[in-house]
């Protein structure tokens, strides 16, 4: 797209673009390129030289049971977080859309978890679920439900899912509410006159019309769960106990920074890159189909 | 022509009005349905607000008691009296087993980082969007797509090689090293580009007639028009910057440059019950206060910023 | 088929009263038009009949059933909205079948009804399209089709033609009339356009600020308006209003400049000298000289082709509009005000004064 009326000049626009382009090249294209390049190399035991091994790193990664475990963890984690965060947010948005008194107050009180960093959210929930000092943690142990996320893999997963979803519900709520409010009231009134009760109105009219928003949020939630939750995992469980909560992004960190295995780590990064590009591409296509009216 | 050929129906006579039939059962059911719906709505929303607030409340409470109470496991539901000393300790000395940086220092660092990222992103994005929208030059579309692609990869995915670049440039543990790689994304540019495309042609033509060059036009016309968008973006980007975790974790080793989000997680260590929970909680409250305040005070811009940037 | 009865329907939002007590009886098969300016409460009244709003007090009775307090779904009504309100994600067929599916009707029966309605409205070929692929007029027809297939007791129309362009509006107006006559369904039609009201209604309800100013068939509203508001609302260009006072034993009107005009049909009740307002439609203003004629200085001429509308000013400063056949040019127009065509209103209350 181009405006009709523009200014003359070639040097000036390039100068204006220079800062962003420079940063983009230096800290995006160059590292991305290096990651791809490094994923094709393998260093020797002393880290002194590296040889070109083609796609061997990728083969190793894809057949590594640890990586497959991380992939499974990522899937389970993302699925739970997305499902929980989307379901709760949609439910709350539907209630808030009922034109009650005080809706704006409810909305203000529900959206600010978005401002809390994932790592901080993790700390908040840690304080609640710590087996010895946490309110809920102690209560669970007291009523006989054994609870220790430092020892039990499933407890650890539950904890990080709760911490991650808690934050994301706020974000989803805002978008769902906006989506609901963009459905013309007259369409719902027509449905009411046609004989549809509230539940039927929701499933046959509202939910289909909300599908662009739902789909968009699904992609955003999955991306969030895959990548931005690193802080939660690092703060709470460090991928443990015993890799029970090690997700793909956490594994990249472990292999790259702690184990210093650049070839493997880069290969994992490239695989994740492909995944994100696919997700984003799908999202853009969905956005284009957004308009019904 | 139309409608006058057919005979019109008779006007009703002024007969006494008959008593209408009422379906009382249906009426009662309708009324009940409405009341229940209202109750569910308020109930669910209240529950939602409570679940959202509960962790914060407990953290606040935790920050006002002394370490022994919590360490014993007597987790209180109401605030205690040790607020002042806990916050003072957190502020001045830091806490946790490893006695990290004082909160005052970490808050300052986070503030610098968040503001720098927000302002940096806004500044270069305005310039880039302006160049792409108001000029035509070879390579324009190429530049645009190059910037656009950065949307596809969050920093976490390119973390290791970006780290290598910074190390190679000797920018580890420096403010530029911390801030600049995080400015490399395109959300703000896209938003401004979209907005600039809607500025009427007449404005540009009038400016040209007045003899204003492109830079003048940017300063005197485009920037004032963009203020709402800038405010909305500032909120989003400030939060984004403040909440950064992985990148500061990698880049910063110098304790004096620690940000509060990373510092907080370091205080927890292994999550032992022997931690100085009171100080940790005080630090947590300090860590989440600024972004929450920004959202609370600038809520309208915040919501607008969210919905605009995801279009 | 059904009758509709509104009994003392009142509606207030917080402290503002929007409807002050509406009583209306609609016969089976009648098309009643509720007409008035924006904000007069006509849409609120329609929505109360539909069940989309609850009245503050009063009853809505459809076919002898008290439906006040019932949801729209339980009232056996169908409504056509101003913006059509079609379900965007369903095909035309889906839109029309929706209400029938909810009621558990058999597929074959649904097919039959939708096909029949599509035939009447001429939208058969559009059944598989989505609303966004249709023009405004087509969407309008689909909205009506959706209402027809339900075979309800009552049709409600909420300014359905307002979003169409002028030519389409005239065409659809006639189609709606024909359709309603053919199906014989009792209908309530809301509009702000007085031409629509006059051509469509068996009876009109002229609403003014939450009150019905007059309820009568169109020609009666035109020839015997009940008050100044109705007189000025119906008829284009608007009726001329001339301030005067009762004189000569209440048998004549004396204008401000002293002219005396005797009533053609008898004296009015009232005190001598009481201020009144005379009404005369522009088409009844007679151009021509002669005794008692007024010299208008012409301010504006609007040629309509078959007629001309002339806006002029009488010597005393009073504005008079005249509508005459044929063309006219010039800056002076002598006119007469024929007593037989005068309407007389009480200047304070605005109500019509009859002999």
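Mind counting the residues in region A:183-200 that are assigned to a helix (DSSP H, G or I) and within 10 Å of another protein chain (Cβ to nearest Cβ)? Spell out the reasoning first.
Just the residues of region A:183-200 that are assigned to a helix (DSSP H, G or I), to begin with: A:185-194, A:198-200.
When the remaining residues are screened for being within 10 Å of another protein chain (Cβ to nearest Cβ), the result is A:185-194, A:198, A:200.
Here the count works out to 12.
For residue A:66, only one of the following conditions fails: (1) more than 9 Å from every other protein chain (Cβ to nearest Cβ); (2) buried (at least 22 other Cβ atoms within 10 Å of the Cβ); (3) over 19 Å from the mean Cα position of the chain (by Cα). What is its number?
The one condition residue A:66 does not meet is (2).
Do the conditions hold for residue B:143, that is, is it surrounded by fewer than 18 Cβ atoms within 10 Å (Cβ to Cβ), at pLDDT 85 or above and at the interface with chain A (Cβ under 8 Å from one of its Cβ atoms)?
no
Which condition breaks for residue B:285 when tested against (1) over 18 Å from the mean Cα position of the chain (by Cα); (2) under 17 Å from residue B:102 (Cβ atoms)?
(1)
Can you find a residue that is surrounded by fewer than 17 Cβ atoms within 10 Å (Cβ to Cβ) and in contact (Cβ under 8 Å) with a residue 60 or more places away in the chain anywhere in region A:9-25?
Within region A:9-25 (the criterion being surrounded by fewer than 17 Cβ atoms within 10 Å (Cβ to Cβ) and in contact (Cβ under 8 Å) with a residue 60 or more places away in the chain), the answer is no, since none of the residues qualifies.
Quick check: anything in region C:177-194 at pLDDT below 90 and not in a helix (DSSP H, G or I)?
no
Just to check your reading of the model, which residue among C:290, C:312 is more than 31 Å from the chain's Cα centre (by Cα) and either surrounded by 11 or more Cβ atoms within 10 Å (Cβ to Cβ) or in the same structural domain as residue C:248 (by TED's automatic domain parsing) (or both)?
Exactly one of C:290, C:312 is more than 31 Å from the chain's Cα centre (by Cα) and either surrounded by 11 or more Cβ atoms within 10 Å (Cβ to Cβ) or in the same structural domain as residue C:248 (by TED's automatic domain parsing) (or both), namely C:290.
Please state which of the following conditions residue A:161 fails to meet, knowing it meets all the rest: (1) modelled with pLDDT of 90 or more; (2) within 10 Å of another protein chain (Cβ to nearest Cβ).
All conditions are met except number (2).
Going through A:38, A:2 one at a time, which residue ends up being more than 24 Å from the chain's Cα centre (by Cα), in contact (Cβ under 8 Å) with a residue 40 or more places away in the chain and facing another protein chain (nearest Cβ under 8 Å)?
Matching residue, one of A:38, A:2: A:38.
Among the residues of region B:165-183, which ones are more than 7 Å from every other protein chain (Cβ to nearest Cβ), closer than 20 Å to residue A:38 by Cβ and not in a loop (DSSP other than H, G, I, E, B)?
Once the filter is applied, which keeps residues that are more than 7 Å from every other protein chain (Cβ to nearest Cβ), closer than 20 Å to residue A:38 by Cβ and not in a loop (DSSP other than H, G, I, E, B), region B:165-183 yields B:166, B:167, B:168.
For the condition within 22 Å of residue C:148 (Cβ to Cβ) and under 17 Å from the mean Cα position of the chain (by Cα), what is the one hit in C:203, C:177, C:181?
C:177
Restricting region C:118-134 to residues that are assigned to a loop (DSSP other than H, G, I, E, B) and within 14 Å of another protein chain (Cβ to nearest Cβ), which is nearest to residue C:168 (Cα to Cα)? Please lay out each step first, then the result.
Kept after step one, since they are assigned to a loop (DSSP other than H, G, I, E, B), are these residues of region C:118-134: C:122-123, C:127-130, C:134.
From the residues that got through so far, the ones that are within 14 Å of another protein chain (Cβ to nearest Cβ) too are C:129-130, C:134.
Working: C:129: 21, C:130: 21, C:134: 14 Å.
Top of the filtered list is C:134.
Filter region C:195-246 for residues that are assigned to a loop (DSSP other than H, G, I, E, B) and within 14 Å of another protein chain (Cβ to nearest Cβ); which is surrounded by the fewest Cβ atoms within 10 Å (Cβ to Cβ)?
Applying the filter and picking the extreme gives C:217.
Does any residue of region C:96-117 turn out to be within 30 Å of residue C:11 (Cα to Cα), modelled with pLDDT under 95, surrounded by 22 or more Cβ atoms within 10 Å (Cβ to Cβ) and at the interface with another protein chain (Cβ under 9 Å from one of its Cβ atoms)?
Yes; the residues of region C:96-117 include at least one that is within 30 Å of residue C:11 (Cα to Cα), modelled with pLDDT under 95, surrounded by 22 or more Cβ atoms within 10 Å (Cβ to Cβ) and at the interface with another protein chain (Cβ under 9 Å from one of its Cβ atoms).
Can you pull out every residue in region A:247-271 that is assigned to a loop (DSSP other than H, G, I, E, B) and surrounded by fewer than 24 Cβ atoms within 10 Å (Cβ to Cβ)? Give the steps one after another, and end with the answer.
Initially, region A:247-271 is screened for residues assigned to a loop (DSSP other than H, G, I, E, B), giving A:247, A:259-261.
Result: A:259, A:260, A:261.
May I ask you to verify whether residue A:212 is free of Cβ contacts under 8 Å to residues at least 24 places away in the same chain, surrounded by fewer than 22 Cβ atoms within 10 Å (Cβ to Cβ) and within 30 Å of residue C:101 (Cβ to Cβ)?
Working: free of Cβ contacts under 8 Å to residues at least 24 places away in the same chain: no; surrounded by fewer than 22 Cβ atoms within 10 Å (Cβ to Cβ): yes; within 30 Å of residue C:101 (Cβ to Cβ): yes.
Judged against the criteria, residue A:212 is not a match.
Could you tell me which residue of region C:68-87 is surrounded by the most Cβ atoms within 10 Å (Cβ to Cβ), considering only residues that are at the interface with chain A (Cβ under 8 Å from one of its Cβ atoms) and assigned to a strand (DSSP E or B)?
Only one residue fits best here, namely C:79.
Assuming residue B:259 fulfils every condition listed in (1) closer than 30 Å to residue A:216 by Cα; (2) at pLDDT 85 or above; (3) surrounded by 22 or more Cβ atoms within 10 Å (Cβ to Cβ) apart from one, which condition is it?
(1)
Considering only residues of region C:27-46 that are more than 11 Å from residue C:188 (Cβ to Cβ) and outside any loop (DSSP other than H, G, I, E, B), which is nearest to the other protein chains (Cβ to nearest Cβ)?
To start, the set of residues in region C:27-46 that are more than 11 Å from residue C:188 (Cβ to Cβ) comprises C:27-29, C:35-41, C:43-44.
If we keep only those that are outside any loop (DSSP other than H, G, I, E, B) too, we end up with C:35, C:43-44.
Working: C:35: 16, C:43: 12, C:44: 14 Å.
Out of the qualifying residues, it is C:43.
Being surrounded by fewer than 15 Cβ atoms within 10 Å (Cβ to Cβ), within 14 Å of chain B (Cβ to nearest Cβ) and under 19 Å from the mean Cα position of the chain (by Cα) narrows it down to one residue among A:87, A:102, A:79, A:83; which is it?
A:87
Being touching a helix residue (DSSP H, G or I) at 6+ places or on another chain (Cβ under 9 Å), within 14 Å of chain A (Cβ to nearest Cβ), at pLDDT below 85 and under 29 Å from residue A:35 (Cα atoms) narrows it down to one residue among B:157, B:61; which is it?
Values: B:61 fails: under 29 Å from residue A:35 (Cα atoms).
Answer to the selection: B:157.
The values are calculated or read from the model by the stated rules, or taken from the named source; none is laboratory data. Quick caveat, the model's predicted, so the values are computed rather than measured. Cβ sites come from the backbone with ideal geometry, for glycine too, and all protein chains shown count toward neighbours.
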